[in-house]
Amino acid sequence: MAVCAATMAQLHLDPLVDGSRTVDSTTMAQICLRVRASCDSRGANLDLRSVLVSFFLHVYHAKVNQQNSAMMFIQEAMAGARIMRLNEGSSHEDGLITNKALVFPLLWVSERGYSLHLGLSPSYIDPPGLIDLETNTNVDVHAQGLIELVKLFIAFDEISVRRNSRLGITMAAHLTNTEAKLASLCFSMANHVSTRTADCHITREWMRTILWQEALAMGLLSSSACTSVMEFGFPAQVCRALLRSLRGFSETDLLPLGRDQLLKCFEVANSLADTVLLSPRQIGSRLELGPQDFLHALYQKIVPFLEQDTMLKSIIRAKTAEALVAAPARLLTIGEEATTLHLGENILCGQAQISGYIPNGELDEQNELTPDFLDWLQQSGFQIT
């Protein structure tokens with residue numbers, strides 16, 4: 001029932017109707033909690049099944065944005081896993097799942113990510129071992145994606161642990177070194193279009209955004225910085241990298257990611273929107289792409305998932321609209337180079353003369369940057385203005 005509750009909530013599945021009774025994810029979760037309380041209220045019969053029930057209850061409560069309950073259940077699952085010594089590679093042959101070595105890394109990554117969202121410290125600091133998983137020839141793309149996520153959080157650990165402890169982030173080197181580690185990680189399944197692959201790309205760019213936010217809070221940003229993470233325009237670079245990574249993914253591919261990944265995308269887009277609104281700049285006369293273009297494209301990419309959270313949608317929609325209104329009109333910029341500007345035929349001719357031009361309507365229909373368009377971006381050597 002915990003799996004059903006989490007799945008129905010995560011995928012927005014329609015309720016089941018049985019006569020006069022309607023069963024939705026909330027009903028499933030409530031029944032699961034009642035059955036669990038009646039069977040084992042004290043946790044006396046701890047096993048792998050009960051650990052996974054706690055995990056899926058965390059997924060459900062995180063999806064419906066019940067933060068306290070979600071945090072309680074993931075920490076409950078972590079505590080149960082540690083009692084069973086799953087963090088030490090202990091094996092419990094109960095026939096429940098095939099690859100039990102994946103359970104603790106899954107719990108570890110889930111608690112890490114959710115703790116970061118809430119600004120809390122995780123209950124367990126030591127990273128899980130990956131040697132057995134990496135050498136396992138039976139690992140599929142989903143398991144490989146989980147391994148890549150663990151590597152991302154391990155690379156991010158120096159920042160994530162320090163920012164929520166008494167140590168704090170005291171040196172710029174902590175930020176630059178971590179960003180270099182994140183940027184250098186190569187995903188072994190990067191060519192696979194899967195939910196897990198998208199999860200890795202989104203998580204990495206979200207982490208890089210957090211690093212920039214920390215640099216901003218510490219007053220380290222500078223126009224003459226020797227590394228990009230210390231520059232004011234870094235969010236535009238992050239957004240461009242995220243768009244390139246997600247260009248082959250459809251709405252169907254991204255929908256199973258759920259609320260956590262929506263929040264990460266929102267964080268990336270929101271940071272870029274703030275920089276655009278604080279420092280609007282003129283675009284060049286050769287149709288250079290600027291931060292407002294990346295913001296608009298990312299907004300269109302994630303807008304189907306913003307329907308899940310009307311507050312987030314209203315915030316990023318308002319900022320994107322304001323950024324586009326404040327940006328210079330491209331048509332007028334192009335027209336300044338011509339001797340005359342005639343509405344109608346001359347506009348169409350101007351479009352035809354722009355190498356790689358894609359009408360806005362086509363981009364709206366595709367709701368993503370197309371491979372041809374991205375190839376043109378790379379070949380043209382465009383600048384972030």
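For the range 102-110, what does the Karplus curve 6.51 cos²θ - 1.76 cosθ + 1.60, with θ = phi - 60°, yield as ³J(HN,Hα) per residue in whole Hz, taken in order and with x for Gly and Pro?
7, 5, 5, x, 4, 5, 5, 5, 5
Computed FRET efficiency, Cβ-Cβ of Asn68 and Glu88, R0 35 Å: what is it to the nearest 0.05?
Result of the calculation: an efficiency of 0.75.
Pulled fully out, how much extra length does the chain show between Ala183 and Phe232, if you take 0.36 nm times their separation in residues and subtract their Cα-Cα distance?
Taking Ala183 through Phe232 to full extension adds about 15.8 nm, to one decimal.
Between Ala318 and Leu33, what is the label-to-label distance in nm when each label sits 7 Å out along the Cα-to-Cβ direction?
Simple spin-label model gives 3.2 nm for this pair.
I need the calculated FRET efficiency for the pair Leu13 and Val325, taking r as the beta carbon distance and R₀ as 30 Å, to the nearest 0.05.
0.20
Take each of the peptides 291-299, 119-127, 228-236, average the number of other beta-carbon atoms within 10 Å over its residues, and list them starting from the highest.
291-299, 228-236, 119-127
Under the Karplus relation 6.51 cos²θ - 1.76 cosθ + 1.60, θ = phi - 60°, what is the ordered set of whole-Hz ³J(HN,Hα) values for the range 248-265, x standing for Gly and Pro?
Couplings: x, 9, 9, 4, 5, 5, 8, 4, x, 5, x, 5, 4, 6, 4, 5, 5, 4 Hz.
Counting other beta carbons within 10 Å of each Cβ, put Asp260, Asp140 in order, fewest first.
Asp140, Asp260
What does the extension gain come out to for Thr26 and Thr98, with contour length at 0.36 nm per residue minus their alpha carbon separation?
Result: 23.0 nm gained on full extension.
Calculate one ³J(HN,Hα) per residue across the range 10-25 by plugging θ = phi - 60° into the Karplus curve 6.51 cos²θ - 1.76 cosθ + 1.60, and present them in order as whole Hz with x for glycine and proline.
My calculation for the range 10-25 gives 5, 9, 6, 6, 5, x, 8, 10, 10, x, 8, 9, 10, 10, 10, 5 Hz in order.
Values quoted throughout were computed directly from the atomic coordinates according to the rules given, and no laboratory measurement underlies them. Quick caveat: nothing in here was measured; it's all calculated off a predicted structure. When we count neighbours, we look across all protein chains shown, and the Cβ atoms used for this are built from the backbone with ideal geometry, even at glycine.
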